[in-house]
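Just so it is clear, none of the values below were taken in a lab; they were calculated from the coordinates. All figures in this text were calculated on a predicted structure; none of them were measured in a lab. Every residue, glycine as well, gets a Cβ built from its backbone with ideal geometry; the counts of neighbours run over all protein chains shown.
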Amino acid sequence: MYPPRFDYYRAASVQEAVQLLQAHPEAKVLAGGHSLLPMMKLRLAAPPVLVDIGRIEELRGIQDLGDRLRIGALTTHWELERSDILARKCPLIPEAAAQIGDRQVRHRGTIGGNLVHADPGSDLPAVILALDGTLHLAGPNGTRQVAARDFFLDLMTTAVQPGEILTAVEVPVLGERTGTAYLKFEHPASGYAVCGAAAIVTLNADGTVAQARLCFNGITSTPFNAQNVTDALVGHTPDDATIEGVVDQHLHVGDPMGDVFASGAYRVELAKVFAKRALKQARDRAQA
Ligand SMILES: Cc1cc2nc3c(=O)[nH]c(=O)nc-3n(C[C@H](O)[C@H](O)[C@H](O)COP(=O)(O)OP(=O)(O)OC[C@H]3O[C@@H](n4cnc5c(N)ncnc54)[C@H](O)[C@@H]3O)c2cc1C
């Protein structure tokens, strides 16, 4: 399959990319191309102009800013997976990145493209939501920041406005006695998440839960934060029975997605199973 014809511009800087998007309002940004190009080849998207940001050096790399980490939008899944900084200070991201597609997809696909594309079956949206990340955007009116909880608006729809590009994602460095886990039930053909669960558990010195987060991919049209569950865990000793009881009692999924592979009801059951497993694994890692 070949995509429809399009004009191609390669931007050398963020400023030039924003100018090109202003000059061509119908243009689409091209990063790793591993979501956009398949959509164009399937004729699900037909942008007449592509603005390639793939060689803008300032959009690459992972920086340690002390209490937080800044990840350039063009950082590939493979770079996330292999990053020493992330392994030490935010291992949830490499754990999820390692589960994306195959090696070829991970070498080309970028964190920025993954988040802006916002496929409900993608792996990174729930991870960045669980981490309470901040997304940095640049556009014709300058730069702005959007919290992850305000970024994912609807199915494949984000807060990125026409003419804007995502430049970076910032996530907090995880503190002491904190464990994380990303577990995924993948579609056997596509590898995308039918259910992906990202859990973060921070323990007090006495072993009770100080704070926790639990977010899902694949279950609803946008990544879903199960705050009822984590609120109910705080202050309790997170033994297996407590985690299982809290998930059974407090996990309520509004409007689950369904398709020929997995009905909405099946996805809700998956969410329960993966919530328990992910919270237990995060707890074990917090205790280690
Ligand atoms: C075979 C296959 C298997 C896959 N499996 C998985 C999987 O298991 N899990 C998973 O999460 N993903 C999976 N993916 C998707 C992969 O992770 C993509 O790389 C990713 O979703 C998009 O990143 P990209 O850099 O390729 O973006 P592109 O395809 O270049 O762009 C995607 C969209 O985002 C926009 N965009 C990109 N970057 C920016 C930016 N910086 N600012 C503004 N807009 C931007 C584009 O305009 C476009 O609309 C798979 C893809 C393939 C082909």
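For Thr180, are the conditions met, namely being of a type in the set (Val, Ile, Thr), touching a strand residue (DSSP E or B) at 6+ places or on another chain (Cβ under 9 Å) and within 16 Å of the ligand (Cβ to nearest atom)? Quick ask: steps written out before the conclusion?
On the way: of a type in the set (Val, Ile, Thr): yes; touching a strand residue (DSSP E or B) at 6+ places or on another chain (Cβ under 9 Å): yes; within 16 Å of the ligand (Cβ to nearest atom): no.
No, not satisfied.
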Flagged in the stretch 46-79 as of a type in the set (A, V, I, L, M), within 11 Å of the ligand (Cβ to nearest atom) and assigned to a loop (DSSP other than H, G, I, E, B), in numbering order, are Ile53, Ile56, Ala73, Leu74
Contacts under 8 angstrom Cβ, first residue in the stretch 169-186 being free of Cβ contacts under 8 Å to residues at least 60 places away in the same chain, partner assigned to a strand (DSSP E or B), 6 or more apart: Gly175/Thr202
Can you name the residue in the stretch 146-162 that is without any contact (Cβ under 8 Å) to a residue 24 or more places away in the chain and part of a strand (DSSP E or B) and, of all such residues, is nearest to the ligand (Cβ to nearest atom)? Val146
Considering only the stretch 129-141, I want to know if a residue exists there that is more than 23 Å from Ile56 (Cα to Cα), in contact with a Leu (Cβ under 6 Å, 6 or more places away or on another chain) and surrounded by 13 or more Cβ atoms within 10 Å (Cβ to Cβ). no
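Output the number of residues of the stretch 208-258 satisfying the condition of being under 21 Å from Gly179 (Cα atoms) and either more than 16 Å from the ligand (Cβ to nearest atom) or β-branched (Val, Ile, Thr) (or both). If you could, list the steps in order and put the result at the bottom.
We begin by selecting, within the stretch 208-258, every residue under 21 Å from Gly179 (Cα atoms); these are 208-217, 223-247, 251.
In the following step, the residues that additionally are either more than 16 Å from the ligand (Cβ to nearest atom) or β-branched (Val, Ile, Thr) (or both) were identified as 208-214, 225-247, 251.
Result for the stretch 208-258: 31.
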Free of Cβ contacts under 8 Å to residues at least 12 places away in the same chain, assigned to a loop (DSSP other than H, G, I, E, B) and within 22 Å of Ala11 (Cβ to Cβ) - does that describe any residue in the stretch 128-141? yes
Subset of the stretch 80-109 that is β-branched (Val, Ile, Thr) and closer than 21 Å to Ala282 by Cβ - its residue that is farthest from the ligand (Cβ to nearest atom): Ile85
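Sort out which residues of the stretch 187-207 are within 16 Å of the ligand (Cβ to nearest atom) and either within 18 Å of Leu279 (Cβ to Cβ) or within 13 Å of the chain's Cα centre (by Cα) (or both), and write them in order of number. Working first, answer last.
Within the stretch 187-207, the subset within 16 Å of the ligand (Cβ to nearest atom) is 187-198.
Correct list: Tyr192, Ala193, Cys195, Gly196, Ala197, Ala198.
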In the stretch 24-43, which residue that is near the ligand (Cβ under 6 Å from one of its atoms) and assigned to a loop (DSSP other than H, G, I, E, B) is surrounded by the fewest Cβ atoms within 10 Å (Cβ to Cβ)? Gly33
